[in-house]
1. If you restrict to DSSP beta bridges whose two residues both lie in chain A, what percentage is antiparallel, to the nearest 5?
2. Between residue B:205 and residue B:181, with labels modelled 7 Å along Cα→Cβ, what's the label distance in nm to one decimal, could you check?
3. Which of the trypsin sites (Lys or Arg not before Pro) found in segment B:150-240 are loop residues per DSSP with 13 or fewer other Cβ atoms within 10 Å of their Cβ?
4. Which value, in nm² and rounded to one decimal, describes the direction-averaged projected area of the C-alpha convex hull of segment A:37-93?
5. Can you list, shortest first and in nm, the gaps between the label point of residue A:240 and those of its counterparts in the other copies, using a point 7 Å from Cα in the C-beta direction?
6. Filter the GluC sites (Glu not before Pro) in segment A:1-98 to those in DSSP coil with at most 14 other Cβ atoms within 10 Å of their Cβ, and list the result.
7. Using modelled backbone amide H atoms (1.01 Å from N, in-plane), which distant-in-sequence or interchain residues come within less than 5 Å of residue B:16's amide H?
8. Need the C-alpha centroid separation for segment A:77-153 versus segment B:1-74, integer Å.
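Readers should treat all values here as calculations from the given coordinates under stated rules, not as data from a laboratory. Please read these numbers as outputs of a predicted model, since none were measured by experiment. Quick reminder, even Gly has a Cβ in these numbers, built from the backbone with ideal geometry, and neighbours come from all protein chains shown.
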There are 2 protein chains.
Amino acid sequence: MNRQQLTEQINRKKSFLCIGLDTDITLIPKFLLDHEDPVLEFNKRIIGATHDLCVAYKPNSAFYESRGLAGWQSLINTWKHIPKDCLSIIDAKRGDIGNTSTMYAKAFFDKTASGMSFDAITVAPYMGIDSIQPFLDFENKWVILLVLTSNNSSKDFQLTENTDGHLFETVIKKANTWADDDKLMYVVGATRTEEFKIIRKHAPNHFLLVPGLGAQGGSLREVCKYGLTKDCGLLVNASRSIIYASNGENFAQEARKEVLKIQKEMAIELNRIFS
Amino acid sequence: MNRQQLTEQINRKKSFLCIGLDTDITLIPKFLLDHEDPVLEFNKRIIGATHDLCVAYKPNSAFYESRGLAGWQSLINTWKHIPKDCLSIIDAKRGDIGNTSTMYAKAFFDKTASGMSFDAITVAPYMGIDSIQPFLDFENKWVILLVLTSNNSSKDFQLTENTDGHLFETVIKKANTWADDDKLMYVVGATRTEEFKIIRKHAPNHFLLVPGLGAQGGSLREVCKYGLTKDCGLLVNASRSIIYASNGENFAQEARKEVLKIQKEMAIELNRIFS
């Protein structure tokens, strides 16, 4: 899904919501445990109840890996069920020397090799361009680079200052030279609204993937105030607040209600730029 | 395996070699492809031919993930075959917000959850202590933090300068406050011998995991000159130069010959400190 297609979906659905499939088998409704692949069943029902109101799904690789072989199978199965009108993002935060990153890219982008071909992957910047290039080399795929994360200890290193500004600014400025904004997105936490202005100074047009809404405390209004661009430029992610809205039989309907609340707010924000 | 046990193995085997199992199914001898799990068969034979001469094995997660479900099965099978007198390191370079890193830790440390329980994992520092703590919380496990990597573009960010020195120095100084040297190791590339003196200034006693020997061009002599401590303090990794020494029937024996060359050099270095 290229940038124009993504923007079309955002405009059509009046939503720039990404739903994080951080599916923990110990937190899903108990009645699903009778299914052959309970995590897949959960994800299918969440997707079924929400796909008209969001533009992206983001399975979090860790939650699948934690269950070993069964979890990896759930991840492959889940990838197959993400609708084509939604961007499929694997949240993997990978990054290693070139020949190793090539293997990670195959793992998530090359269906023939691994059984999965996500539209986008999150990657970590610490090892520099060598570690990112193999992902960029795949055509028609997005690379989403960690810039400023939503967790408290993002300050440990991301907010350290060098002659060039904060480390996260160095990352964004350097990454701007690696690929264009039709190929590269940046992760900026919803809890970092103070820094959104700085981010938008360096990356006025890039799509930002913004986690940290809901359970982590970020505010959609604040994110939009500083983050929205003329074609939206935001994918705002929520995970736990949606997928665990209820753990009863009606969990998918309750998830939809949460999504509707967010989507309505998003429609208002989008009206400001698209009208 | 705790620090004392690791040092005992080093002293007993006169080796501080870690063998990287970056096993690429397209590069292994063709006759192995008839086996049910060719990558496992390859790794078993490499391990069988070398385990008396090295103290650690380090499967590189990317090479297994790239093959999807079959690859994940090979990784689990390989973990089971790493001998107990060798440190088992999963080279995964993970790191995410706390609840996600907890899942990554389960994936590689919690056998009940995932089928694997490595002794150690490599992790990435960018997201700070929140992203590392869940790994540290596992008892009797090592956490090996990226500090200064062997690839060319490590300079993109790791060598940027802030008021505190280079970023890699900030990482090491901060990480020193997170855990002791009986729990935490640092990754320092063998191609970074100039910076070894700085690293040893900040981390005089930590074990360093040193990749980049062989295919990447690092020198064992140089690494030892600046890196050796009174109980060794080094795990030097080689991967491709050993495991792909030959792709004939005799690949395991040829791998052993390569290992012997390195081990003899290591024995000379160790004699200087242990004698």
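1. If I count the DSSP bridges inside chain A, around 10 percent turn out antiparallel.
2. 0.6 nm
3. In loop regions of segment B:150-240 (DSSP not H, G, I, E or B), the sparsely surrounded trypsin sites (Lys or Arg not before Pro) are B:230.
4. That works out to 3.6 nm², a quarter of the Cα hull's surface.
5. Shortest to longest, the spacings are 4.2 nm.
6. When the GluC sites (Glu not before Pro) of segment A:1-98 are filtered for loop state and at most 14 Cβ neighbours within 10 Å, A:36 remain.
7. none
8. The distance from the Cα centre of segment A:77-153 to that of segment B:1-74 comes to 25 Å.
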